[in-house]
1. As an exercise: evaluate A:ALA391 against (1) surrounded by fewer than 16 Cβ atoms within 10 Å (Cβ to Cβ); (2) among the small types (Gly, Ala, Ser); (3) touching a helix residue (DSSP H, G or I) at 6+ places or on another chain (Cβ under 7 Å) and give the number of the one condition it does not meet.
2. Would you check if there is a residue in segment A:350-370 being away from chain B (no Cβ under 14 Å) and basic (Lys, Arg)?
3. Among the strands (runs of 3 or more DSSP E) confined wholly to segment A:314-396, which include 1 or more residues that are out of contact with any Ser or Thr (no Cβ under 9 Å at 6 or more places or on another chain) and not basic (Lys, Arg)?
4. Only one of B:VAL249, B:VAL171 is part of a helix (DSSP H, G or I), facing chain A (nearest Cβ under 8 Å) and surrounded by fewer than 22 Cβ atoms within 10 Å (Cβ to Cβ). Can you tell me which?
5. Just checking, which of B:LEU30, B:LEU53 is assigned to a helix (DSSP H, G or I) and within 11 Å of another protein chain (Cβ to nearest Cβ)?
6. Would you check which residues across segment B:37-49 are free of Cβ contacts under 8 Å to residues at least 40 places away in the same chain and either in a helix (DSSP H, G or I) or under 18 Å from the mean Cα position of the chain (by Cα) (or both) and list them?
7. Any residue in segment A:319-332 that is in contact (Cβ under 8 Å) with a residue 12 or more places away in the chain and among the basic types (Lys, Arg)?
Amino acid sequence: MWTRFRQIFFLVLMMTAVQAAKGQSIRVSPDGTVNTLEQALALADSNDVIRLQEGRYLERNIVIDKPVTIEGERNAVVDAEGEGFVLIVRADNVTLRNFEVQNAGISFMDDNAGILVEEAKGVLIENLTLTDNFFGIYLSKASDSTIRNNTLIASGERETQSGNGIHLWYSKNITIHNNTIKGHRDGIYFEFVEGIAITDNLSEENLRYGQHFMFSDHCTFTGNTFKNNGAGVAVMYTDHVTMTGNRFEHNWGSAAYGLLMKEIRESKVYNNTFENNSVGMYMEASSRNRVKHNDFINNGWALKVMANSMDNQFVQNNFIENSFEVSTNSRQNFNIFTGNYWSRYMGYDLDRDGVGDVPHHPVRLFSVLIEKQPEMLILMRSLLIGMLDTAERIMPVLTPEELIDKKPQMARIQ
Amino acid sequence: MKALTIVSYQWKDLFRDKWLIGYALIYLVLTDALIRFGGGGPKALLSLSNIMLLFVPLVSLIYGVLYLYQSREFVELLLAQPLDRKSLFAGLYGGLTIPLSLAFVVGAGLPLFYTGVWIQTGFGTVATVFGLGIALSLIFVGVGFLFGLKYFDERVKGFGFALVSWLFLAVLYDGLVLLLVSTFSAYPLEKAMIGLSVLNPIDLARIGVLLEFDISALMGYTGAVFNRFFGSYLGFVIALSCLVLWIAVPAWRGLNLFNKKDF
């Protein structure tokens with residue numbers, strides 16, 4: 001009996017010890033003793049858990065300067081009422097989970113954000129809803145942190161009055177997974193970051209870019225969908241980017257690109273789908289990139305490669321039903337096209353090895369003409385244009401002679 | 001009422017000729033092959049539209065001229081009857097355009113229907129393509145009648161004019177536009193291009209096809225200007241009234257000639 005009692009006593013002791021190490025829990029509710037997040041943070045010690053009960057907390061510029069966890073109940077909302085920041089994280093190992101952050105103020109002086117993380121490590125932001133904030137989640141000089149399963153929705157109408165969804169500046173080793181970003185200026189924005197993994201996010205209907213990043217080497221994008229953004233996705237001034245399995249869809253407009261690459265070097269673009277964009281992929285001053293196993297379907301222009309791009313390899317991609325396959329601004333070609341499937345290919349395969357016997361010229365005369373005189377677009381699908389294209393294909397005069405695929409595939413590559 | 005009687009006579013006559021059935025069969029086989037081997041419904045419909053833009057005007061023109069020449073005795077016989085010329089002309093025009101349009105719609109439509117492509121591509125797109133095909137048939141039968149009546153006794157001349165007018169509208173006109181654009185490349189030409197393309201019925205039909213299938217390319221650059229024009233209510237009304245004018249004017253001119261003609 002006594003031993004049994006001692007065992008139970010020991011167990012209880014252990015549990016209390018664990019509880020103490022984990023920190024105590026502070027409840028915040030609108031009609032309780034602690035009724036603001038600010039009060040709770042003042043009371044809290046390191047490793048405490050602050051539990052937000054259901055309700056609306058009208059607070060702004062809340063500074064979190066110790067490692068705490070803030071967990072919300074259903075319908076727990078922190079609202080800055082359109083002025084200043086909502087939450088500012090300045091401590092390591094902070095966790096924010098399951099609540100809603102609203103109305104960080106629009107400002108032309110400050111980058112007001114729903115959640116600002118400043119010089120912190122090990123921050124976890126998950127299952128949050130951020131509604132109508134100027135900037136959504138803003139990481140500045142942060143590292144080793146995770147942003148996952150959040151929903152960021154803003155309803156900005158003009159670029160100047162809208163901030164970025166997830167904004168990273170001088171940060172390292174951040175994982176951004178399974179977020180939905182809608183209606184911001186840029187869905188995801190990076191500058192001077194390194195080693196970031198962006199996976200399975202959905203970025204749609206943003207005013208400018210679905211994703212926009214510069215000076216950010218060694219980043220990886222996998223399985224994201226960028227849809228219906230004002231200008232698609234832009235990656236600039238960066239080396240060693242890996243983009244795999246992403247979808248770039250429905251980016252329409254005179255300056256909209258599924259993926260715009262400017263001064264990108266030694267990067268990999270594998271297994272992506274570019275569908276229904278005005279321009280699927282645009283490449284400028286980029287070199288030594290490998291573009292492989294991508295599907296370009298139903299775009300106005302599948303590829304626009306400017307002549308200042310060199311030594312890029314376009315291998316085993318599917319080009320299906322694009323109005324124009326490749327367009328460029330020079331008669332020279334410094335890139336390699338081989339083993340792609342082109343739905344406009346008109347050649348034959350006598351030896352039946354699945355590879356066309358005559359090379360494919362993906363640049364049509366008409367696309368060269370349009371590059372010079374865009375008004376000619378209205379002549380598309382005219383019989384005359386068809387005849388000119390055929391003549392040019394047989395005897396190239398204006399199109400780049402070297403830009404050919406010597407091994408065009410006869411069937412779509414799976 | 002009298003016109004309808006003539007339409008029904010011609011209907012029988014045309015089917016006895018087998019040419020019309022052949023015309024429908026060509027579309028049937030072509031469309032079927034396009035769907036079977038071309039891969040994918042929207043692509044088949046796009047190829048069909050390309051063929052339509054090429055063949056419907058040509059066949060309608062030639063048929064229009066030839067039919068008038070062939071049925072000379074028939075026309076002269078009917079003119080001896082108590083029958084006003086207006087209903088006779090309406091009967092002849094209707095008697096050719098209705099079977100021709102029907103041959104196109106049925107011939108190209110059946111494969112779309114039984115393979116289920118029309119569901120895949122959307123009813124609107126299919127309706128646009130067929131609508132344009134019918135409009136082109138109406139226009140070019142009218143133009144064919146016009147040439148046939150004008151050169152009623154000089155058959156080769158009438159036939160030649162019909163062919164040249166097709167060549168002009170289908171190919172040379174676009175060449176002139178191309179020339180114009182490259183000559184005046186320093187000026188903003190979007191509006192002029194819209195004006196020019198509205199004047200040519202084949203171009204008008206072609207733009208209708210573009211708006212259905214190449215919308216992504218049209219969204220870029222200058223395309224946006226065209227798209228905004230033809231996509232707007234005003235643009236649609238202008239394009240449509242131009243098509244109607246193109247149907248009405250040759251037919252009306254033909255009727256005038258027919259009324260005055262001394263057979």
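The values are calculated or read from the model by the stated rules, or taken from the named source; none is laboratory data. Here the structure is a predicted model, which means the values were calculated and not measured. Counting neighbours? That spans all protein chains shown, and the Cβs are built from the backbone with ideal geometry, glycine included. Areas reflect the complete protein model, heavy atoms only, side chains present, ligands, DNA and RNA absent. Shrake-Rupley method; radii C 1.70, N 1.55, O 1.52, S 1.80 Å.
1. In the conditions (1) surrounded by fewer than 16 Cβ atoms within 10 Å (Cβ to Cβ); (2) among the small types (Gly, Ala, Ser); (3) touching a helix residue (DSSP H, G or I) at 6+ places or on another chain (Cβ under 7 Å), A:ALA391 misses (3) alone.
2. As a first pass, look at segment A:350-370 and keep what is away from chain B (no Cβ under 14 Å): A:350-363.
Within this subset, residues satisfying the condition of being basic (Lys, Arg) are A:352.
Taking every residue of segment A:350-370 in turn, at least one turns out to be away from chain B (no Cβ under 14 Å) and basic (Lys, Arg).
3. A:336-338
4. B:VAL171
5. Details: B:LEU30 fails: within 11 Å of another protein chain (Cβ to nearest Cβ).
Selected residue: B:LEU53, the only one of B:LEU30, B:LEU53 that is assigned to a helix (DSSP H, G or I) and within 11 Å of another protein chain (Cβ to nearest Cβ).
6. Answer for segment B:37-49, where residues must be free of Cβ contacts under 8 Å to residues at least 40 places away in the same chain and either in a helix (DSSP H, G or I) or under 18 Å from the mean Cα position of the chain (by Cα) (or both): B:PHE37, B:GLY38, B:LYS43, B:SER47.
7. Step one: filter segment A:319-332 for residues in contact (Cβ under 8 Å) with a residue 12 or more places away in the chain, giving A:319-332.
Next, only the ones that are among the basic types (Lys, Arg) stay: A:331.
Yes, segment A:319-332 has at least one match.
Every residue, every condition in (1) of a type in the set (Gly, Ala, Ser); (2) part of a strand (DSSP E or B), yes or no:
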residue	(1), (2)
A:ASP45	no, no
A:ARG60	no, no
A:PRO67	no, no
A:VAL77	no, yes
A:GLY84	yes, no
A:ASN93	no, no
